[in-house]
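Engineer: Attaching a single structure in structure tokens format; questions to follow.
The values are calculated or read from the model by the stated rules, or taken from the named source; none is laboratory data. The structure displayed is predicted, hence computed values, not measured ones. Virtual Cβ from ideal backbone geometry, glycine too; neighbours counted across all protein chains shown. Ligands, DNA and RNA are stripped out before the accessible areas are found, and what is left, the full protein with its side chains, is counted by its heavy atoms. Shrake-Rupley method; radii C 1.70, N 1.55, O 1.52, S 1.80 Å.
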Amino acid sequence: MFRPVVEALIAGRSTLTLATLVLALVPTLANAQASGAPQSGPSEQDPEIRIRVPTITVTAQKEPEDQQKVPVSVTAVPAETLESAGIRIVSEASILAPNTYFTEWSARKLSSARFRGISSSPSNPGITTYFDGVPQLNSNTSSIELLDIDQIEFVRGPQSALYGRNTLGGLVNITSARPSTSRWNGMLSAPFGDHGTWGVRGAVGGPVINDRLSVGFSFAEMNRDGFTVNSVTGNDIDTRSAFSGKAQVLWVPNAAWEGRLIFTSERARDGDYALNDVGLLREDPFTAARDFEGRADRDVLGTTVLVRRVSGPIAFSSTTGFVDWRTQDVTDLDYTPAPLITRDNTEDAFQFTQEFHFASADSAPRRLSDSAQLRWQSGLFLFTNDYAQDAINQFSPFVFAPFPVAQHSPRSELDDFGVGLFGQGTVTFGGRFDLAAGARFDYESKSAILETFTDPPVVAPGRVEDEESFSNVSPQISGAYRLQPDKTVYGTVGHGYKAGGFNPASPAGFESYGEEKTWNFEGGVKTLWADGRVSANAAVFHIDWNDLQLNLSDPEVPAQFYIANVGGATSNGVELEIGARAAPGLDLFSAVGYTHARFGEGSSSSGVDVKGNKIPNSPDYTVSAGAQYSHAVGPATLQARADAVFYGAFQYDDQNSLGQDAYSLVNLRFAAMGRFLTGEVLIRNAFDTHYIPLAFPYPAFARVSGFMGEMGAPRTVTVTAGVRF
């Protein structure tokens, strides 16, 4: 009876088949196990307790709380899932979250998250990634190799009331695993695969002084050949090579105080962008034709200092972050065999962030009456961000002038300073109803020096020196009612905010852009069924945009982008997440999201009315589903996992002139884990689906389709052997 289902999946004829199968199986399998459900008291080793959905604690609202109780749409991907799914970068985990889509280039410096249709440019993201509480103010540093990660949270909906600027669409919250204070442990593994993939990963950590001081170290060296072949030279052009490292020190001097120091670094030396005319790619995938082969380098260094004190009724924490990064990408800017234009783009930035956070201790809420108690939190956030860019377009003779011309577009310096004050209170009535209200004030001052000129000076140079400041108050209110201890309904209304700023380079008159604001209305339900074996969460949302910031192609400079306010927009949608621990060792999971994101009345982009058009790079739907089975054989554990994700059709640009049809990806993993030895086989894009996940208008040189794009990764097979202790 399942053969037609399997054949449909392989052929890709039905994007809902796998989701339907999983949703149908969940209650059947859960009910089959219901009679033996434990009510209370079994130990973790009891086989009955292992068939309950595990409790996941999230920090989506800055304080630890059960994912099933927080009135926010959040999908948490814990360390166990990261390992069992072979996830090494954050976008690979996003398939588990509904209405979540990443636009990523072959060079890893460019990775942007999109939730429910909301995103923006790398320099002013609408969804910010946090590493251990430190925001990445530019998305150039948001996607690095995942080392010693405890959990990833995809928090959807505006979080400006607590997190402030650049979280009007949500945030990605990544937390590192704490070094063990009880024993030393470690691992070493070596992955090898097709496309010349090879690498080594390692980690070690443990206590240094009893349980007071512990350390942890981890690293990864990962390399592969390119997927795309340059037909002019026969070379792979989109190679990858990177070394990543992390070091941690955890100090717990007494029961009240805790300090933690985290160093992270990554040195990436990638190949060129795999860009080609979309029309040509669809006829002949993974090909390019260019006379010049470039590179994309990135160096990232981050330092985080975490301090926490819990004593009496108040919990205090301090998060200090330093992020220093530099990128240089050199590429053939015409992407043809002709020696016309090359680009050498260097970006350099340093950011400092500091947050002081105060909250009521978990064990000490303030009692307001016999039936009401208050939990609260407040904080102060400061940041500085210094950014410089020098992008040089080198024109060959007779392209721009009868002689070679170097066009600096731009050479810029952007300095940013900001401060935020926030607070939130949650009153619990009768132990069943939570009413929360909070707000945040943000102030930001930006200055810019923007220069464009040519060498030799064949055109008049341009120079802009300017300063602007922005301020905003972002409120949010939510209510959650527990119908039963494991069934909660909630509703929330929140304001999202993203400051304006300056474009390093843009057409005349677009050197700066204004603020973007949203209102988000959301209602949902979070439930557990079958004595905790099945979780089922659902949400509906409506988003109103004002002065939407959109990343647009500069018609005057090849492959250059700028931000402009294009008007209003709306996004409406639904989300459903189901997980089931159907039997000991058997997990089923599914996430379904639908987004209807459209430009509103009066929206205009590049002088063209875009009312009613789809917001670009926003799939109509996302559907993911899968299963994982683990079985003990003596001292070893065998594990098999399959997951699939289906993306609806979307448009590449605001004019909706070209887009990507719906497509699906299937990943498989088989592993054997003994006490000391481990091995796995990981297959991504198992059916070798061809798709083009991103493209941009480029009519000057993309003569077939008018768009340049990159292919998504083909099928890859990786075999890993390792040791652990």
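Engineer: Taking residue 208, is it aliphatic (A, V, I, L, M), without any contact (Cβ under 8 Å) to a residue 60 or more places away in the chain and touching a Pro at 6+ places or on another chain (Cβ under 7 Å)?
Structural biologist: no
Engineer: One residue is enough: does region 488-496 have a residue meeting the conditions touching a strand residue (DSSP E or B) at 6+ places or on another chain (Cβ under 6 Å), surrounded by fewer than 24 Cβ atoms within 10 Å (Cβ to Cβ), under 21 Å from residue 138 (Cβ atoms) and of a type in the set (Ser, Thr, Tyr)?
Structural biologist: Among the residues of region 488-496, not one is touching a strand residue (DSSP E or B) at 6+ places or on another chain (Cβ under 6 Å), surrounded by fewer than 24 Cβ atoms within 10 Å (Cβ to Cβ), under 21 Å from residue 138 (Cβ atoms) and of a type in the set (Ser, Thr, Tyr), which makes the answer no.
Engineer: Separate question: I'd like the full set of residues that are surrounded by fewer than 20 Cβ atoms within 10 Å (Cβ to Cβ), touching a Lys or Arg at 6+ places or on another chain (Cβ under 9 Å) and part of a strand (DSSP E or B), limited to region 167-192.
Structural biologist: 185, 186, 187, 188, 189, 190
Engineer: Filtering region 193-222 down to residues that are closer than 30 Å to residue 285 by Cβ and open to solvent by less than 20 Å² (accessible area, probe 1.4 Å), which residue is farthest from the chain's Cα centre (by Cα)?
Structural biologist: Result: 199.
Engineer: Would you mind telling me which numbered condition in (1) surrounded by fewer than 16 Cβ atoms within 10 Å (Cβ to Cβ); (2) modelled with pLDDT under 95; (3) part of a strand (DSSP E or B) residue 447 fails?
Structural biologist: Single failed check for residue 447: (2).
Engineer: While we're on this one: Just one of the numbered conditions (1) in a strand (DSSP E or B); (2) under 16 Å from residue 273 (Cβ atoms); (3) at pLDDT below 95; (4) not hydroxyl-bearing (Ser, Thr, Tyr) is not true of residue 334; which one?
Structural biologist: (1)
Engineer: Do we find a residue being under 27 Å from the mean Cα position of the chain (by Cα), farther than 30 Å from residue 407 by Cβ and open to solvent by 50 Å² or more (accessible area, probe 1.4 Å) anywhere in region 453-470? Let's see the steps before the verdict.
Structural biologist: So the first thing to find is which residues in region 453-470 are under 27 Å from the mean Cα position of the chain (by Cα), and the list is 470.
From the residues that got through so far, the ones that are farther than 30 Å from residue 407 by Cβ too are 470.
Now narrow it down to the ones that are open to solvent by 50 Å² or more (accessible area, probe 1.4 Å): none.
No.
Engineer: Determine which member of the set 121, 111 is open to solvent by less than 10 Å² (accessible area, probe 1.4 Å), within 23 Å of residue 219 (Cβ to Cβ) and hydroxyl-bearing (Ser, Thr, Tyr).
Structural biologist: 111
Engineer: Can you list residue pairs whose Cβ atoms sit under 6 Å apart, with the first residue in region 241-255 being over 30 Å from residue 196 (Cα atoms) and the second being surrounded by fewer than 15 Cβ atoms within 10 Å (Cβ to Cβ)? Count only pairs 6 or more apart in sequence or on different chains.
Structural biologist: What qualifies is 252/212.
Engineer: Taking the options 479, 532, 494, name whichever one is closer than 30 Å to residue 589 by Cβ and not in a strand (DSSP E or B).
Structural biologist: Result of the check over 479, 532, 494: 532.
Engineer: Assuming residue 255 fulfils every condition listed in (1) modelled with pLDDT of 95 or more; (2) open to solvent by 50 Å² or more (accessible area, probe 1.4 Å) apart from one, which condition is it?
Structural biologist: (1)
Engineer: Hey, another quick one. Could you check, for region 94-105, whether at least one of its residues is at pLDDT 90 or above, within 23 Å of residue 377 (Cα to Cα) and surrounded by 20 or more Cβ atoms within 10 Å (Cβ to Cβ)? Quick ask: steps written out before the conclusion?
Structural biologist: In the first step, residues of region 94-105 are kept if they are at pLDDT 90 or above; the result is 94-102.
Now restrict to residues that are within 23 Å of residue 377 (Cα to Cα): none.
No, region 94-105 contains no residue that is at pLDDT 90 or above, within 23 Å of residue 377 (Cα to Cα) and surrounded by 20 or more Cβ atoms within 10 Å (Cβ to Cβ).
Engineer: Here's something else I'd like to know. Looking only at residues in region 162-186 that are among the basic types (Lys, Arg) and in contact (Cβ under 8 Å) with a residue 40 or more places away in the chain, which one is farthest from residue 150 (Cα to Cα)?
Structural biologist: The residue in question is 165.
Engineer: Being open to solvent by 20 Å² or more (accessible area, probe 1.4 Å), assigned to a strand (DSSP E or B) and among the polar types (S, T, N, Q) is the filter here; which residues of region 54-92 pass it?
Structural biologist: 57, the sole residue that qualifies.
Engineer: Residues of region 544-598 being assigned to a strand (DSSP E or B), over 25 Å from residue 707 (Cα atoms) and charged (D, E, K, R), which ones?
Structural biologist: Scanning region 544-598 gives 544, 575, 577, 581, 587.
Yes/no matrix, rows are residues, columns are (1) within 21 Å of residue 552 (Cβ to Cβ); (2) buried (at least 18 other Cβ atoms within 10 Å of the Cβ); (3) under 25 Å from the mean Cα position of the chain (by Cα):
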| position | (1), (2), (3) |
| --- | --- |
| 652 | yes, yes, yes |
| 675 | no, no, no |
| 678 | no, yes, no |
| 684 | no, yes, yes |
| 699 | yes, no, no |
| 706 | yes, yes, no |
| 720 | no, yes, no |
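For (1) over 18 Å from residue 335 (Cα atoms); (2) among the hydrophobic types (A, V, I, L, M, F, W, C), each residue gets a yes or a no:
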residue	(1), (2)
264	yes, no
271	no, no
274	no, yes
280	no, yes
287	no, no
295	no, no
302	yes, no
308	yes, no
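Engineer: Here's a follow-up. With 322, 356, 286 as the choices, which residue is under 30 Å from the mean Cα position of the chain (by Cα), within 30 Å of residue 399 (Cα to Cα) and among the aromatic types (Phe, Trp, Tyr)?
Structural biologist: Going through 322, 356, 286 in turn, just one is under 30 Å from the mean Cα position of the chain (by Cα), within 30 Å of residue 399 (Cα to Cα) and among the aromatic types (Phe, Trp, Tyr): 286.
Engineer: Right, residue 231: surrounded by fewer than 16 Cβ atoms within 10 Å (Cβ to Cβ) and either hydroxyl-bearing (Ser, Thr, Tyr) or in contact (Cβ under 8 Å) with a residue 60 or more places away in the chain (or both) or not? Quick ask: steps written out before the conclusion?
Structural biologist: Values: surrounded by fewer than 16 Cβ atoms within 10 Å (Cβ to Cβ): yes; either hydroxyl-bearing (Ser, Thr, Tyr) or in contact (Cβ under 8 Å) with a residue 60 or more places away in the chain (or both): yes.
In short, yes.
Engineer: Looking at region 628-675 only, could you name the residues that are touching a Pro at 6+ places or on another chain (Cβ under 6 Å) and basic (Lys, Arg)?
Structural biologist: Hit for region 628-675 is 675, nothing else.
Engineer: Hand me the list of strands (runs of 3 or more DSSP E) wholly inside region 676-725 holding 2 or more residues that are among the polar types (S, T, N, Q) and in contact with a Pro (Cβ under 6 Å, 6 or more places away or on another chain).
Structural biologist: 716-724
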